Amino acid sequence: MTDLGASDLPVMDAAFLSNPYPHYAKLREAGAVHRMRGSNGLRMWVVSRYAEAREALAHPALSKDISRSHELGYLQRELGDSSFGHRLTTWPLSHHMLNLDPPEHTRLRKLASSTFTAGRVQRLRPRIEQISLRLLDEIERTTPPGEPADMISAYAEPLPVIVIGELLGLPDEDLPQLREWTAVLMSNVDPSFRKVTKRIARYFNDVIDAKRERPGTDLISGLLAVDDDGGLTQVELVSMAFMVLVAGHETTLSLICNGLRALLNHPHQGAALRADPAGIPRAVEEFLRFEAPLSRSTLRYVAAEVTIGGVTMSEGDYVVVLIGSANRDEGAFDRAEELDLKRRPSGHLAFGHGIHYCLGAPLARLEGEIAFGHLLSRYPDLRPAVPDADLVWRDSTLVHSFEHLPVILR
């Protein structure tokens, strides 16, 4: 394979990812692994087929410790002294498990994992039901019949934010500001990135200090209660709280947003699901496969030369898995480009694979089941308020969802 210069490579930017599926199909047809350039200029290998994506996500030679790649000079080799390199490696919220390899990753994941077991998550069902119904009541109170409601700002966004805020023990009045800050960090380019990063770090430092004095029953208080020999440093606590906040609501926001859009575009399947609500958990899996909340994986680098899909990647190269492409691979899923809410779940990669598989997957699934259950049972006349072509995708090459989703509920 010819190693093209960065300027000659196809670019994976927000325009590409707003309607990526035709591009994904061409990539899969041409091969499993390709060279591309990110919108920041970083050259990377992208993995487009399902089998190779699973292999890459779990491969020990592909490291998540991007700070280490910076120490070794790999980022500087690709980007020079760029703001993107600084953003990846020096911001004060990066010391969490998603950016680490074993044994540090293992230690941090073990400390957080007890909060997100299937049993503990299921015990949250009554509270999530209550939050969901309260939000829908508020939408009905403030939206005249026949008028559109933005189901992102009024429902898909606040539902998981409130749930994860309560898990972390954060005051309700702080949640809108935290949501604004995290939206900045998920965007491709925002000049206030560094300022917002510092504000979030300062916020969580203050929260953690307050909980040291007056602990509660929340996740942060639980982590503080761990014996110091096996616990977290202050920097790790701040990063862990930030990671749980972002991962705990962005995935669910996109799941609800994209799943609702799929229902609006496939009304007959929506009607069948309304008639058989026992199929909602299966439908949630299909929503996750069909329109994955994250377009791609987070960045990895090659710690030791590795061959995947017949392509040899050199030490220091960067790698991204195209989750949205892998989940529509015809080699893994029959009629992969079609939505089928009766499809049997079969190992989609929306939550990743391997040791970095999403810790909050049980919570996201439960929130999705509750959200779609309430929407389908409560609004039999649910329909879009604008043509699908008018929806605007968020300016992010990571998060795959819309800015707004106006819907006529009744």
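None of 53, 30, 14, 61 is touching a helix residue (DSSP H, G or I) at 6+ places or on another chain (Cβ under 9 Å) and on the phi < 0 side of the Ramachandran plot except 53. Has segment 214-228 got at least one residue that is modelled with pLDDT of 90 or more, assigned to a helix (DSSP H, G or I), over 29 Å from residue 324 (Cβ atoms) and β-branched (Val, Ile, Thr)? Yes; the residues of segment 214-228 include at least one that is modelled with pLDDT of 90 or more, assigned to a helix (DSSP H, G or I), over 29 Å from residue 324 (Cβ atoms) and β-branched (Val, Ile, Thr). The listed residues are 315, 403, 330, and the only one of them that is of a type in the set (Asp, Glu) and either crowded, with 22+ Cβ neighbours inside 10 Å or within 20 Å of residue 37 (Cα to Cα) (or both) turns out to be 315. Here residue 307 meets each of (1) in a loop (DSSP other than H, G, I, E, B); (2) over 13 Å from residue 290 (Cβ atoms); (3) without any contact (Cβ under 8 Å) to a residue 40 or more places away in the chain with one exception, condition (1).
Taken together, the residues in segment 377-400 that are buried (at least 17 other Cβ atoms within 10 Å of the Cβ) and closer than 11 Å to residue 264 by Cα amount to 3. Quick one: is residue 261 out of contact with any Ser or Thr (no Cβ under 7 Å at 6 or more places or on another chain), surrounded by fewer than 18 Cβ atoms within 10 Å (Cβ to Cβ) and of a type in the set (D, E, K, R)? When the stated conditions are applied, residue 261 does not pass them.
Table: residues versus (1) under 14 Å from the mean Cα position of the chain (by Cα); (2) within 27 Å of residue 108 (Cα to Cα); (3) free of Cβ contacts under 8 Å to residues at least 60 places away in the same chain.
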| position | (1), (2), (3) |
| --- | --- |
| 248 | yes, yes, no |
| 255 | yes, yes, no |
| 269 | no, no, no |
| 273 | no, no, no |
| 281 | no, no, no |
| 302 | no, yes, no |
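Consider segment 143-169 and keep the residues that are more than 23 Å from residue 387 (Cα to Cα) and out of contact with any Asp or Glu (no Cβ under 8 Å at 6 or more places or on another chain). The one that is surrounded by the fewest Cβ atoms within 10 Å (Cβ to Cβ) is 158.
Quick one: which of 161, 235, 207, 196 is more than 24 Å from residue 361 (Cα to Cα) and touching a His at 6+ places or on another chain (Cβ under 6 Å)? It would help to see each step written out before you state the result.
On the way: 161 fails: more than 24 Å from residue 361 (Cα to Cα); 207 fails: touching a His at 6+ places or on another chain (Cβ under 6 Å); 196 fails: touching a His at 6+ places or on another chain (Cβ under 6 Å).
Sole residue among the options that is more than 24 Å from residue 361 (Cα to Cα) and touching a His at 6+ places or on another chain (Cβ under 6 Å): 235.
Is there a residue being hydrophobic (A, V, I, L, M, F, W, C), closer than 22 Å to residue 157 by Cβ, part of a helix (DSSP H, G or I) and in contact with a helix residue (DSSP H, G or I) (Cβ under 6 Å, 6 or more places away or on another chain) anywhere in segment 264-279?
No: segment 264-279 contains no residue that is hydrophobic (A, V, I, L, M, F, W, C), closer than 22 Å to residue 157 by Cβ, part of a helix (DSSP H, G or I) and in contact with a helix residue (DSSP H, G or I) (Cβ under 6 Å, 6 or more places away or on another chain).
Could we say that residue 159 is within 30 Å of residue 395 (Cβ to Cβ), at pLDDT 95 or above and part of a helix (DSSP H, G or I) here? Before the answer, list the steps.
Working: within 30 Å of residue 395 (Cβ to Cβ): yes; at pLDDT 95 or above: yes; part of a helix (DSSP H, G or I): yes.
Against the criterion (within 30 Å of residue 395 (Cβ to Cβ), at pLDDT 95 or above and part of a helix (DSSP H, G or I)), residue 159 qualifies.
Only one of these is under 14 Å from residue 56 (Cα atoms) and either in a loop (DSSP other than H, G, I, E, B) or among the charged types (D, E, K, R) (or both): 298, 312. Name it. Let's see the steps before the verdict.
Working: 312 fails: either in a loop (DSSP other than H, G, I, E, B) or among the charged types (D, E, K, R) (or both).
So the residue among 298, 312 that is under 14 Å from residue 56 (Cα atoms) and either in a loop (DSSP other than H, G, I, E, B) or among the charged types (D, E, K, R) (or both) is 298.
The values are calculated or read from the model by the stated rules, or taken from the named source; none is laboratory data. This one's a predicted model, so the numbers in the text were calculated from it and none came from an experiment. Positions of Cβ are backbone-derived with ideal geometry, glycine not excepted, and every protein chain shown enters the neighbour counts.
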